[in-house]
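Structure first, commentary second.
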């Protein structure tokens, strides 16, 4: 068994900053998913408020299931990202102990694609629904 090399504190702090950033992104996804999913409640309350008004057209609530599933998917992605973050951290610590540099480009690529697709889906839903 080879002896462990000491980790440079600058490298350790950089990994911890990246890990903290991923946890922050996971929390943001969970909160965004909750807000999107609860948008149904907002629409329902608005429809009840508009129900008593004369000459008011009630909004069509047929697309509520869309927001439920979208919100659940976003929250699930946040949970998966938060669980992956621990693996990310331990892999990087191991790499630093072995004095290796590995990149996690695929993680950031897929995270960027996922967040962009959420934004595009919400934009389309605002324009169409």
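Throughout, read-outs are computed from the coordinates displayed, never taken from laboratory work. Predicted model, so just to flag it, every value in this text is computed and none were measured. Ideal geometry is used to build each Cβ from the backbone, glycine not excepted, and the neighbour counts take in all protein chains shown.
Would you list 19, 90, 85 from fewest to most Cβ contacts within 10 Å?
Arranged by neighbour count, lowest to highest, 19, 90, 85 become 90, 19, 85.
If you rank 124, 115 by fewest surrounding Cβ atoms within 10 Å, what's the result?
Sorted ascending by nearby Cβ count, the order is 124, 115.
For a protection proxy built on the mean count of beta-carbon atoms within 10 angstrom, sort 92-101, 69-78, 40-49 highest first, please.
For the peptides 92-101, 69-78, 40-49, the packing ranking is 69-78, 92-101, 40-49.
What does the convex hull of the alpha-carbon atoms of region 9-128 project to on average, in nm²?
If you wrap the Cα atoms of region 9-128 in a convex hull and average its projections, you get 8.9 nm².
Over region 9-128, what is the relative contact order in percent, taking alpha-carbon pairs closer than 8 angstrom and at least six residues apart?
Relative contact order here is 35 percent.
Would you give the gap between the C-alpha center of region 10-41 and the C-alpha center of region 74-93, rounded to a whole Å?
Rounded to whole Å, the Cα centres lie 10 Å apart.
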